[in-house]
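Since every read-out is calculated from the coordinates, none of them should be taken as a lab result. Since we're looking at a predicted model, the values are computed, not measured.
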Amino acid sequence: MKFAKRMDYLKASEIRELLKLAERPEVISFAGGLPAPELFPTEELIKVSEAVLRESGRQALQYGPTDGFTPLREKIAKRMEKFGFKTAVENILITSGSQQGLDFSARVFLNEGDIVICESPSYLGAINAFKASMPEFVEIATDAEGMIMEDLEEVLKTRENVKMIYVIPDFQNPSGKTWSIERRKRLIELANEYDLPVIEDNPYGDLRFEGEIPPSLKAFDTEGRVIFLGTFSKTFCPGMRIGWVIADAPILQKYNFIKQGADLQSSTIAQREMDKFLEMYDLDAHIENLIKVYRNRRDVMMEAIKEHFPSNVSYTYPEGGLFTWVVLPENISARDVMPKALEQNVAFVPGGSFFPNGGHENTFRLNYSNMPEDKIKEGIARLGKVLKEMM
Ligand code: PMP
């Protein structure tokens, strides 16, 4: 059978096979990006579901508009103020998680061979979603303040065909890094100069453990070129599959056309339940609880890393979100560490797959949100031992 050319770009990775081993119950896994399930508000959702079905069961089970459920979009618009910008219902499209917003972004902006610029490393799910449009990826290095703007400018000056910039400025997946305000402003200046759309992916911004939430890229956007992607996956629960795209009307209309063809609309009942939850309960109080638990887990992981990892290993200290990122000496591949760690029943994700153009095998990502503190301590101690043996 002959498949479309795009299928050549989409291949199963050998890491997925290894990660299947990480699902055994005895494994201490820092591999996934999963929120802590014990914190999901199940009791509240039982009440919410009952209220939705009793008060508006017929509408909740019916088709709804492509844009999404208007009261929910109103509430999302309000919530965006904490990211430093104002928006309106007309500028919000509800999607099936922000992953769908990523898929749509590629379909709206990329033809085969077009360049998409991303951070090096970048979110694997975005890389894979974009690959279906067969673009060229140009990675821009990052430092402690985010993407290096001189490197970005050099690419914009020298390469034609750049069509889209994709970034995760807050607690990046996988690196845990957050951009400084100067870098945010400079990115917008460059995007304006080169007339480019910027996809700002922000699933983790609310999960800030210390300090103030910085203004998003969208807050500096005076020309309507930032497309902001949000989600309730990390602040509420991923199983609801509710995310959103925020953009100026002419851009959002394109996303709406793609959404009609993709799935008509996101689940009516899930949107109404999400809306009802926001009406009946205090999501920000729930987020405060998540922050307490995740901050402790981050602290335990960072202390254990300091105690157990060899001294020639570097890592990020994340101020929020779910991940830290480890860089080993260049001659050590995380893919070689992985089977040895699995023998000790510890798992992580080797970093190589987060670089669309390959390389950087001496890196790996650790997630701290999904394991209790005692297991984090034990897992990092075991991993430290494996690393020391390999050096
Ligand atoms: N963007 C980033 C950076 C992510 O880490 C994730 C989830 N891991 C997503 C988007 C997609 O999340 P969802 O579709 O659940 O909203």
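A few points about this structure:
- Using alpha carbons only: equivalent-ellipsoid semi-axes of the range 121-218, gyration tensor based, whole Å: 22, 17, 11
- Over all distinct Cα-Cα pairs of the range 67-133, the Kirkwood formula returns a hydrodynamic radius of 13.7 Å.
- Between the range 236-269 and the range 189-235, the alpha-carbon centres lie 17 Å apart.
- Derived scalar couplings between HN and Hα for the range 177-187 equal 7, 10, 6, 6, 5, 4, 5, 4, 5, 5, 4 Hz in order, rounded to whole Hz, by the Karplus curve 6.51 cos²θ - 1.76 cosθ + 1.60 (θ = phi - 60°), x for Gly and Pro.
- Near the amide H of residue 226, within less than 5 Å, lie the amide hydrogens of 198, all on another chain or at least 5 residues away, with H placed in the peptide plane.
- Global geometry of the range 3-76, whether rounded, prolate or oblate, following the gyration tensor of its Cα atoms and the 1.5 cut on a/c: oblate
- For the range 139-185, the equivalent ellipsoid derived from the alpha-carbon gyration tensor has semi-axes of 20, 11, 9 Å in decreasing order.
- Put simply, the convex hull of the Cα atoms in the range 275-350 casts, on average, a shadow of 7.1 nm².
- Spatial extent of the chain: Rg and Dmax, with the Cα atoms as the point set, Å: 21.0, 63
- Amide H contacts of residue 28 (H built 1.01 Å from N, under 5 Å, at least 5 apart or other chain): 346, 347
- Rounded to whole numbers, the Karplus 3J(HN,Hα) couplings from phi for the range 283-297 are 4, 5, 5, 4, 4, 4, 5, 4, 4, 4, 5, 5, 5, 4, 5 Hz, using 6.51 cos²θ - 1.76 cosθ + 1.60 with θ = phi - 60°, and x at Gly and Pro.
- From the alpha carbon centroid of the range 70-104 to that of the range 313-363 is 33 Å.
- Averaging 1/r over every pair of different alpha carbons in the range 166-287 and inverting the result gives a Kirkwood radius of 16.0 Å.
- Considering only the chain, percent of DSSP beta bridges that pair antiparallel, nearest 5: 50
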